[in-house]
Amino acid sequence: MPTPDLFSPSSPSSDAARAAALREQLHHHAHRYYTLDAPEIPDAEYDRLFRELQAIEAAHPELLMPDSPTQRVGGRVLDAFASVRHAVPMLSIRTETDTEASGAQAFDARVRRELGLAEADPPVAYVAELKFDGLAMSLRYENGVLVQAATRGDGEVGEDVTQNVRTIGQIPLRLPAGAPPLLEVRGEVYMRRDDFEAMNARQRDKGEKAFVNPRNAAAGAVRQLDPAIAAQRPLSFFAYGLGDITPPEQGGPAFETHYQMLQTLKSWGFPVAEQVAQALGAAELIAYHQRIGATRDSLPFDIDGVVYKVDSLALQRQLGFVTREPRWAVAHKYPAQEELTTVLGIDVQVGRTGKLTPVAKLAPVFVGGVTVTNATLHNEDEARRKDVRVGDTVIVRRAGDVIPEVVAVLPDRRPPGALVFTMPRTCPVCGSAAVREEDEADYRCTGGLFCSAQRKQAILHYAQRRAVEVEGLGDKLVDQLVDAGVVKTLPDLYRLGLVALASLDRMAEKSGQNIVEALEKSKQTTLPRFLFGLGIRHVGEATAKALARHFGKLDAIMDAGVEQLLEVNDVGPIVAQSIRTFFDQAHNREVVAQLRACGVTWEEGEPAVQAPKPLAGKTFVLTGTLPSLSRDQAKDLLEAAGAKVAGSVSKKTDYVVAGAEAGSKLDKANELGVKVLDEHGLLALLQGEPA
Ligand code: IVH
């Protein structure tokens, strides 16, 4: 997008020029958002530009142009769909972005003032709802039948998307008896997060474009010109209001409150969010905002705030509208989860196992409630797919406690000459070669413990609470110890004297003493903690425990062959090979020997008694329903006896265990002459009886 020159000599004044620039930008982004369903900037940025223009127009009414984006409610009408004039306009609502208390208080104060209430008067009754992040929809029912679904469009005229909306399973096509002859239900079409993820995975598999967020995906689906494609897009719906309806004089319902109306819509089969709540006065609105804010990230769909509405319909009528916003409703937003920022650099970090991770260093940005300065780009492919470059303007997303991520790059704002990111072929810390194994997403530094980054991570891993635990040995201290060359390997930790420790910068004698004591204490450990602490690739806590239980003694593990390792529960070929490789390296054995020599010790146990494996080497296929054993139970029993359980029958199958309603697998077994057992036969075989 062209950036208008704000200082051009022809500008009458900088406010006028800024307003013109904002109008142009907002038109551009509104088109991208509403018509193309392909926004380039996050909502928060659009809102800011919008408010900036509103503020200039408020201060300089002469700058308010009839075509200003602030003068329309929503988007444009797509040419391809028929236009629908809304019988009752689809309004927008005023938005408060203030803090918890002030947003609700400001709204309540306004309502009370408009209604002429005194301080002593009782609190106003409200309904609080979720503000769904989807797209507004009007559903028109005539004589109980869905005849039309329309988008909001510009509020007066929307698009007829009936065909696509009919494919949404949650929307009733026919209403029960008792519903009025004319009914327009207003609500939000949206996409659940799980549906969105699954759909995006399918899009990627097909080599098609993935959507940026659930709302764009929902909007894209609703305005999809091919209803067959729309039908494959998983959409949902929530009702939150009414448009046109048969008036009470003509036999229509006479609702008294918004809440009652929502309950009635529910009884007619419309989905109404379970979080809808009645609330008395500002205090209860504030509590609602807080309660929903705390659970926002665990909802199965996106919301961008909550909505407060005056409950009494009589009071709603009394309050009326200002321009196109009702005075009886307000949206109270939460901090945006997506923001714009720029990429200052791309660092490559080295992990404990040598994994190289590209990390975007960002200009600090407040998003999702915290200031974010880093976002992982995961690996080379991911960085390439997003094509993030130094100098780029990017959309950063941080939802809940999830680590911040770069959602997309704004190509229009890329500075000239920005270079494509490439992973370094050498480790940025130690200079050793970095290699990417076939079928792996990651580059790894081949420096091993020669690499100080890996050494630091290895020490921190060993010293963590779940491993050998050296209290007080954190990353700052480890950085110092490794950088000063005092600690090169794990055993060096135990050779640290108080003198060496106290000589480090910022280390007081007392803290040095504490570390010495913590190291002394760490010497008495357990075999699983020690094993886990060694940081063998693929050996997590659970595997370390299983290995210790199975072998009892460290030497037995160190000397076990792959075959023996495979006998341990949960140890597969990759893990077994990784353990073998680790202990095949002389320097790793040396580290273990030295740690023991330094006094690191644990109580060793006896190897677990080996259960006999009467079915070792045999392959089974299970089919149909067995009378007493579940599929999983049968599988567990077979695997415990050493058998393999496969999914399909082939010449290599030794036995098929068939239960009730066994299908094609049984036919196949008979065809190939594979032995077939029932549950009784299986149990007998497990007891060691010949089949
Ligand atoms: S009420 C007259 N309630 O927010 C009031 N709107 O500008 C009409 N929205 O795009 C809107 N959740 O689709 C209302 N619980 C809710 C809502 C909601 C989401 C959307 C609506 C529109 C925007 C309002």
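Within the range 249-257, identify whether any single residue is over 30 Å from ASN143 (Cβ atoms) and buried (at least 16 other Cβ atoms within 10 Å of the Cβ), and answer yes or no. The answer is no; no qualifying residue exists.
Restricting attention to the range 375-398, the residues that are loosely packed, with under 14 Cβ neighbours inside 10 Å and touching a residue at least 12 places away in the same chain (Cβ under 8 Å) total 1. Please indicate, with yes or no, whether at least one residue in the range 602-612 is at pLDDT 90 or above and outside any loop (DSSP other than H, G, I, E, B). So far as the range 602-612 goes, no, none of its residues is at pLDDT 90 or above and outside any loop (DSSP other than H, G, I, E, B). Taking the range 288-327 as the range and being among the hydrophobic types (A, V, I, L, M, F, W, C), in contact with a helix residue (DSSP H, G or I) (Cβ under 9 Å, 6 or more places away or on another chain) and assigned to a helix (DSSP H, G or I) as the test, the residues that pass are LEU313, LEU315, LEU319.
Can you find a residue in the range 165-177 that is hydroxyl-bearing (Ser, Thr, Tyr) and within 16 Å of the ligand (Cβ to nearest atom)? Scanning the range 165-177 turns up no residue that is hydroxyl-bearing (Ser, Thr, Tyr) and within 16 Å of the ligand (Cβ to nearest atom). Which of the residues that make up the range 99-133 are among the small types (Gly, Ala, Ser), modelled with pLDDT under 95 and within 16 Å of the ligand (Cβ to nearest atom)? Those that are among the small types (Gly, Ala, Ser), modelled with pLDDT under 95 and within 16 Å of the ligand (Cβ to nearest atom): GLY103, ALA104.
Per the listing LEU242, LEU183, the residue uniquely within 16 Å of the ligand (Cβ to nearest atom), surrounded by 13 or more Cβ atoms within 10 Å (Cβ to Cβ) and not in a helix (DSSP H, G or I) is LEU242.
For the range 188-216, which positions are in a helix (DSSP H, G or I) and within 16 Å of the ligand (Cβ to nearest atom)? Even if it seems obvious, please write down each step before you answer.
Initial filter on the range 188-216 (in a helix (DSSP H, G or I)): 193-205, 214-216.
Within the range 188-216, PRO214, ARG215, ASN216 qualify.
A Cβ distance below 9 Å, combined with a sequence gap of six or more or placement on separate chains, defines the contacts here; from the range 501-522, residues that are within 15 Å of LYS476 (Cα to Cα) and in contact (Cβ under 8 Å) with a residue 40 or more places away in the chain reach residues that are hydrophobic (A, V, I, L, M, F, W, C) and surrounded by 15 or more Cβ atoms within 10 Å (Cβ to Cβ) in the pairs ILE515/VAL470; ILE515/LEU473; ILE515/LEU477; ILE515/LEU496; ILE515/LEU501; ILE515/MET507.
Looking only at the range 648-691, filter to residues that are surrounded by fewer than 15 Cβ atoms within 10 Å (Cβ to Cβ) and under 16 Å from GLY617 (Cα atoms); which one of those is farthest from the chain's Cα centre (by Cα)? Top of the filtered list is PRO690. Tell me yes or no: at least one residue of the range 399-417 is without any contact (Cβ under 8 Å) to a residue 24 or more places away in the chain and crowded, with 18+ Cβ neighbours inside 10 Å. Within the range 399-417, one or more residues are without any contact (Cβ under 8 Å) to a residue 24 or more places away in the chain and crowded, with 18+ Cβ neighbours inside 10 Å. For the range 329-345, the condition of being in contact with a strand residue (DSSP E or B) (Cβ under 6 Å, 6 or more places away or on another chain), free of Cβ contacts under 8 Å to residues at least 24 places away in the same chain, outside any loop (DSSP other than H, G, I, E, B) and within 27 Å of TYR46 (Cα to Cα) holds for none of the residues. Residues in the range 476-525 that are under 40 Å from the mean Cα position of the chain (by Cα), farther than 12 Å from ILE459 by Cα and surrounded by 17 or more Cβ atoms within 10 Å (Cβ to Cβ): ILE515, LEU519, SER522, THR525. Taking the criterion of being in contact (Cβ under 8 Å) with a residue 12 or more places away in the chain and over 23 Å from HIS289 (Cβ atoms), the residues of the range 120-143 that qualify are LEU135, MET137, SER138, LEU139, ARG140, TYR141, GLU142, ASN143.
Let's see how each residue does on (1) of a type in the set (Val, Ile, Thr); (2) crowded, with 20+ Cβ neighbours inside 10 Å; (3) free of Cβ contacts under 8 Å to residues at least 40 places away in the same chain:
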| position | (1), (2), (3) |
| --- | --- |
| LEU146 | no, no, yes |
| GLU159 | no, yes, no |
| VAL165 | yes, yes, no |
| VAL189 | yes, yes, no |
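In summary, PRO424 fulfils each of the numbered conditions (1) buried (at least 18 other Cβ atoms within 10 Å of the Cβ); (2) of a type outside the set (Val, Ile, Thr); (3) more than 21 Å from ASN213 (Cα to Cα) with the single exception of condition (1).
The values are calculated or read from the model by the stated rules, or taken from the named source; none is laboratory data. Nothing here was measured: the structure is a model prediction, and the numbers come from that model. Heads up, the Cβs are rebuilt from the backbone with ideal geometry, glycines too, and the neighbour counts pull from every protein chain shown.
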